[in-house]
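To start, the structure under review is shown below, and the notes come after it.
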Amino acid sequence: MVSVKEKELQITEQRRLRDNLFDISSRIMGKEGAKFLFKVYDLARFDIFGKPKGAIGSIDVTNRCNLRCRHCYFYAHDYESEPELTDDEWIEKFEGLKKEGFPFYQCSWIGGEPLLRKSLIERGMRYFKSNLVTTNGTIELPFWPDVNFYISIDGPREMHDSMRGKGTYDKIVKNVNRPNLKILLSMVITRENYRGVETFVDEWRERGGVRGVLFQFYTPVKGLENDNLWPGWELRDRVIDDLIRLKGIHGDFIFLPNEVFEMMRSDRCQAITRDCLFSQVSFCFDPQGREKRPCMMGPMADCTRCGCVLPFHLKALEDKRLVLRELFMSLRKAIGRPALH
Ligand code: SF4
Ligand code: SF4
């Protein structure tokens with residue numbers, strides 16, 4: 001019987017082939033050029049010809065978190081009473097998926113706080129071509145230069161700390177000071193923090209250290225007594241106007257294209273979330289390794305009021321002109337050109 005370690009060696013061999021090709025390309029065209037080439041290949045495979053089931057998704061790596069944010073959907077589920085999979089059990093699971101032809105394209109490592117299980121992520125991310133870690137930013141970031149770190153922030157210091165606990169904002173400011181890492185900020189807009197959006201963007205544009213900010217809206221989750229965070233349609237539409245205006249000022253520092261914001265408007269969004277593309281193409285596993293449906297927010301999320309950008313971004317990418325534009329933006333980043341206005 002092949003041991004877990006032997007299986008890991010096999011996957012390392014496969015990765016090595018891609019890595020060798022990458023090294024050769026890097027020598028010919030430079031590292032950033034090679035990264036761009038590989039991105040074009042992956043985009044061509046998945047974004048132009050369509051994402052296969054399981055191409056993107058998320059893994060809740062742990063039951064645990066060092067914070068208790070008021071808007072957290074994770075604690076609407078009673079995960080804590082059940083033991084989470086061990087590192088070896090996850091590797092066994094990935095091996096099983098590999099035999100079934102699982103695409104292993106893009107994985108978001110989430111939680112709980114995923115950086116409480118760094119060793120698992122370090123082993124698991126070798127299976128995927130692209131990895132994202134969504135963290136609360138209060139734990140020192142490991143040196144994983146190929147990973148995209150998304151740090152959750154709820155606005156300027158006071159607003160953030162009122163949601164996540166005193167002192168958490170300053171810990172993030174300290175931890176993002178890592179010039180060799182790819183760091184983005186992710187803000188969930190609620191009725192409580194929407195007034196802080198512009199200050200938040202201005203502050204971080206000036207402070208630097210992050211590649212941009214991603215905005216999403218709060219999605220109500222049944223079982224959590226915080227429906228007061230839901231902004232309501234009228235306010236949400238007004239905030240979308242504001243985001244589009246800010247994008248006119250800050251360009252691609254605000255991470256999503258305007259097409260996505262337009263799709264999130266009250267008169268268009270439900271046609272998209274009713275037939276959620278993310279739920280159709282994604283995989284989501286809970287800390288016990290079980291499939292989570294219909295998405296990482298679990299069955300209690302209110303799809304009719306979904307504020308997650310993923311269904312909208314995937315829908316927008318059905319327009320291949322947008323795929324080409326995103327490719328162009330990747331090229332600009334690869335050659336170190338500033339955000340477009
Ligand atoms: S940091 Fe994330 S997982 Fe932890 S309590 Fe806050 S929202 Fe939930
Ligand atoms: S909550 Fe949003 S992302 Fe999740 S399945 Fe519903 S519409 Fe899709």
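The values are calculated or read from the model by the stated rules, or taken from the named source; none is laboratory data. Given the structure is predicted, the values throughout are model-derived calculations rather than measurements. Neighbour counts run over all protein chains shown; Cβ positions are idealised from the backbone, glycine included. When the accessible area is computed, the model is the full protein with side chains, heavy atoms only, and any ligands, DNA or RNA have been set aside. Shrake-Rupley method; radii C 1.70, N 1.55, O 1.52, S 1.80 Å.
Structure data summary
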{"quantity": "Links that overshoot a 19 Å alpha carbon limit, given the list LYS118/LYS182; LYS93/LYS222; LYS118/LYS222; LYS53/LYS315; LYS222/LYS292", "calculated": "LYS93/LYS222; LYS118/LYS222"}
{"quantity": "Derived scalar couplings ³J(HN,Hα) [region 296-311; Karplus, 6.51 cos²θ - 1.76 cosθ + 1.60; whole Hz; x for Gly, Pro]", "calculated": "5, 7, x, x, 8, 5, 8, 4, 5, 10, 5, x, 6, 6, 4, x"}
{"quantity": "Reachable aspartates and glutamates, given that their alpha-carbon falls under 15 Å from the alpha-carbon of LYS31 and they are not under 8 places away in the same chain", "calculated": "ASP19, ASP23, ASP146"}
{"quantity": "Highest to lowest packing among 270-279, 308-317, 171-180, scored as the average C-beta count within 10 Å", "calculated": "308-317, 270-279, 171-180"}
{"quantity": "Rounded if a/c under 1.5, otherwise prolate or oblate - region 180-231, Cα gyration tensor axes", "calculated": "oblate"}
{"quantity": "Phi-based couplings in Hz for region 100-110 (Karplus 6.51, -1.76, 1.60; Gly and Pro marked x)", "calculated": "7, x, 4, x, 6, 8, 10, 10, 9, 8, 10"}
{"quantity": "Charge dipole (region 58-319, unit charges on Cβ, about Cα centre) - positive-most of SER186, TRP204, PHE215", "calculated": "TRP204"}
{"quantity": "Accessible carbon and sulfur surface of region 58-319 relative to its total accessible area, %, 1.4 Å", "calculated": "49 percent"}
{"quantity": "Relative contact order (%) - region 58-319, alpha-carbon pairs under 8 angstrom, separation at least six", "calculated": "20 percent"}
{"quantity": "Added length on full extension, which subtracts the Cα-Cα distance from 0.36 nm per residue, ASP170 to GLU158", "calculated": "3.3 nm"}
{"quantity": "Per residue accessible area in Å² of region 185-330, where ligands, DNA and RNA are left out and the probe is 1.4 Å", "calculated": "43 Å²"}
